[in-house]
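Comments concern the structure below.
The values are calculated or read from the model by the stated rules, or taken from the named source; none is laboratory data. Please read all numbers here as calculations on a predicted model, not as lab measurements. Cβ sites come from the backbone with ideal geometry, for glycine too, and all protein chains shown count toward neighbours. Note: accessible area is taken over every heavy atom of the protein model, side chains too, but ligands, DNA and RNA are not part of it. Shrake-Rupley method; radii C 1.70, N 1.55, O 1.52, S 1.80 Å.
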Amino acid sequence: MSVYSLLNEGSQLALTALPGGRDLARDLDERVARIPAALNTYGYDPWGYNPEVFKAFLLPAALLYRYWFRCRVQGIRNVPQGRVLLIGNHGGQVAFDGLMVSVAMVLEAEPPRLTRGMGEYWLATLPWFNVVLDRVGSSIGTPQTCADMLRRGECVLAFPEGVRGMNKLYADAYQLQEFGLGFMRLALETDTPIVPFAVVGSEEQAPGIANLHGLARMLGMPSFPVTLTWPWLGPLGMVPLPARYYIRFGEPMRFEGAPNDEDETIEAKVTVVKDRIQTMLREGLAERKSIFL
């Protein structure tokens, strides 16, 4: 029996034990079946996506979405059909924020969408991880891959902060770090609208208290965060705290200009997107009544 089958069966068992679990499993099957995909005779699309593998990983992600993080979503109708770039804040030490946005696009969007998450380059150094990314519809975030996906009308998700945002300390929670410029050049090159989104709750899932950069360099990692539970509790320390997620999608933003403009020109456009996301974060934090409830 494959790992994918074991993952799928384990998730199915968990879903049957939870209130509404069977309905969620049926809903996932129906919605994944509605996601268009140009599959070859072997069941893979041009970038390696396979619906059956995707469903195997989507089931446990949906459990987290519905029962652990208890996600609440606003503004998902702002995501247009056709090619689009989802650009948002990053936090929480492990990329559950991107995973929850991807689940929201399947469960809450109409019609359901496959979100093409762009992973950090260093993830390709982890055994089998780049293969798993491909099978669930994501990829290592090279500009060429991202541009190809957008030209084919895909929904692409990127975090311009990268690990700077994901592995920051809790003292800097919800304060956006430096944005890379690549997403804006791609938006201009492919004439793609940008939908900003803000995730409130991810910073509390694993509050960072230190970052051991020297150890990270020795291990070939971009960072080695220390949280309230990791590494003190061993593997259990990687389990996120059950902070409630609030995901808010803003209105689409369009930009004009040449993709090869000087950095200063591109940076001015990036700042507009960054400021919009920061405003959405402030609004979300002001409206939040409780971290865990």
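Listed values, structure above:
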quantity	calculated
Potential extension, GLU267-ASP148 segment - 0.36 nm per residue separation minus Cα distance	40.5 nm
Surface per residue (accessible, 1.4 Å probe) for the chain, Å²	48
Student exercise, the chain dipole from Lys, Arg, Asp, Glu Cβ charges, in Debye to nearest 20	740
The range 164-293 - percent relative contact order, Cα under 8 Å, separation 6 or more	35
Cα shape, the range 119-176, gyration tensor, a/c 1.5 rule	oblate
Cα-based shape type of the chain, given that a ≥ b ≥ c are square roots of the gyration tensor eigenvalues and the cut on a/c is 1.5	rounded
Helical mean residue ellipticity (222 nm; -39500 (n - 2.57) per DSSP H run of 4+; nearest 500) of the chain	-12000 deg cm²/dmol
Mean Cβ count within 10 Å, highest first, over the residues of peptides 59-67, 19-27, 33-41	59-67, 19-27, 33-41
Within straight-line cross-link reach of LYS168, lysines at Cα separation under 21 Å, skipping those fewer than 8 residues along the same chain	LYS274
Exposed-site-free run, longest, the chain (rule: GluC sites (Glu not before Pro); DSSP loop; at most 15 other C-beta within 10 Å)	1-119
Heavy-atom accessible surface of the chain: percent carbon and sulfur, 1.4 Å	58
Label-point separation, PHE292 to GLU178 (7 Å along Cα→Cβ), nm	3.7
